[in-house]
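**Q** One structure, pasted below without further comment.
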Amino acid sequence: MDNNNGSKLLGRRRTLQLLGASGLAATGLLALGACKKDEGAAGGTTGTGTAATTGGGCNTPLDDTSKTMRKTLQYKDKADDAAKQCKACAQYNAKAFGDCGGCKLFTGPVKPEGGCLSFAPLAPGAAPATSG
């Protein structure tokens, strides 16, 4: 369909191209944020440039990247399904923050009874990882 009236309206194809490029850019930014979080888990810095903290307890402050990731994964302090609690997840790191554990997917404390969309059951007979 040709629009010859001089209007600067975006066509459907161009709109979809722009939305697709935006989605790829957002995915790239999330991937970069995940790389920074991995550095924090290894004892480097978190996404905010501050030293990663462990052992600070369940009330350890969260950085913006962790808050965003928790919201994206719909993390809750109490799982909707008792069979899918963090303490039964392969991503869970017990005692990383005192009484709270940690998670391989985001920084900060994670309650053992918590849960999120990325639950991955432990292999049969496996125990959750412990920091040390």
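**Q** How many residues, within the range 74-92, are within 13 Å of the chain's Cα centre (by Cα) and surrounded by 17 or more Cβ atoms within 10 Å (Cβ to Cβ)?
**A** 3
**Q** Additional query: Taking the conditions exactly as written (touching a strand residue (DSSP E or B) at 6+ places or on another chain (Cβ under 8 Å) and surrounded by 17 or more Cβ atoms within 10 Å (Cβ to Cβ)), does F106 satisfy them or not? If you could, list the steps in order and put the result at the bottom.
**A** Numbers: touching a strand residue (DSSP E or B) at 6+ places or on another chain (Cβ under 8 Å): no; surrounded by 17 or more Cβ atoms within 10 Å (Cβ to Cβ): yes.
Answer is no for this residue.
**Q** I'd like to verify a number: residues in the range 109-125 that are touching a helix residue (DSSP H, G or I) at 6+ places or on another chain (Cβ under 8 Å) and either acidic (D, E) or surrounded by 24 or more Cβ atoms within 10 Å (Cβ to Cβ) (or both), how many?
**A** 3
Taken together, the values in this text are just the output of simple stated rules run on the coordinates, not laboratory data. All of these numbers come straight from a predicted model, not from anything done at the bench. All Cβ positions, even for glycine, are placed from backbone atoms using ideal geometry, and neighbour counts span all protein chains on display.
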